[in-house]
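Single-structure report; data block below.
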Amino acid sequence: MDGNTKTQIPVPSVSTISTVPTSPPKAKAKSKSKGAKRPLGRGKKQMKIGALARKTGKTVRALHLYEEMGLLFPDRSEGGFRLYGPGEVDRVYWINKLQDMGFKLSQIRGLLDAVAASNSAPEAMQGVRELFQNKLNDTREQIQKLLQLERDISESLSYLEACRSCAEASPDCCAECGEDRHGGMAEPQLVSGIHIKRGEGQAQATPEPNA
């Protein structure tokens, strides 16, 4: 081979070149600044403690107590006045409801603490469900007792209606009053306990002679 002769290197055709498409560089996502979530009721028209007391029917002292126990969290104005929004109004009404159910303020605070300490929302609400279910069972039991008491009182009033026309002069006769004078009604328990009835053959107590 002549030293002046150049060796030609075969150039591959375009069809034989493996081309790997390159994706354009991804644009950087714009960072969004997330501000802290505002508590419920904030950002709306707020009122001072006197207005909240008038609106909810509570005393100012009671509202102060709610705050001391961690049940209310008012804002403060530049002048240091307490400010309450719709969220605080709803909280006061909620406290009233639970107090009507028989809960003490310390128990209400305990409920809020238990919800806050739960590991998940379902767990938190399950505790609330159990609490309300127990209260519902107690309420239904109380309703049954009140219904029975209503029947007892109505029965006693019907029985006592005949006493309006009684001609006996002494109330001692009431203990011996028979069913025939009351339309065949037996003496109700609410009435029978008033009188001391003496059974047949029961001797009267003889007072002891003076020493």
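All of Leu136, Leu98 fail the test of being aliphatic (A, V, I, L, M) and assigned by TED's automatic domain parsing to the domain that holds Lys58, apart from Leu98.
Evaluate region 88-97: report whether one residue or more is touching a residue at least 24 places away in the same chain (Cβ under 8 Å), part of a helix (DSSP H, G or I) and more than 24 Å from Leu136 (Cα to Cα). For region 88-97, residues touching a residue at least 24 places away in the same chain (Cβ under 8 Å), part of a helix (DSSP H, G or I) and more than 24 Å from Leu136 (Cα to Cα): present. Applying the criterion of being assigned to a helix (DSSP H, G or I) and among the small types (Gly, Ala, Ser) to the residues of region 152-171, the residue that is surrounded by the most Cβ atoms within 10 Å (Cβ to Cβ) is Ser156. No other residue among Glu130, Glu123, Glu141 is free of Cβ contacts under 8 Å to residues at least 60 places away in the same chain, within 22 Å of Leu71 (Cα to Cα) and loosely packed, with under 12 Cβ neighbours inside 10 Å apart from Glu130. Given the criteria loosely packed, with under 13 Cβ neighbours inside 10 Å, in a helix (DSSP H, G or I), outside the structural domain of Lys58 (by TED's automatic domain parsing) and among the β-branched types (Val, Ile, Thr), does Ile108 qualify? No, not satisfied. Pick from region 172-183 the residues that are under 50 Å from the mean Cα position of the chain (by Cα) and either part of a helix (DSSP H, G or I) or at pLDDT 80 or above (or both): which of them is surrounded by the most Cβ atoms within 10 Å (Cβ to Cβ)? The qualifying residue surrounded by the most Cβ atoms within 10 Å (Cβ to Cβ) is His182.
The values are calculated or read from the model by the stated rules, or taken from the named source; none is laboratory data. Please read these numbers as outputs of a predicted model, since none were measured by experiment. Note that each Cβ is placed from the backbone with ideal geometry, even for glycine, and that neighbours are counted across all protein chains shown.
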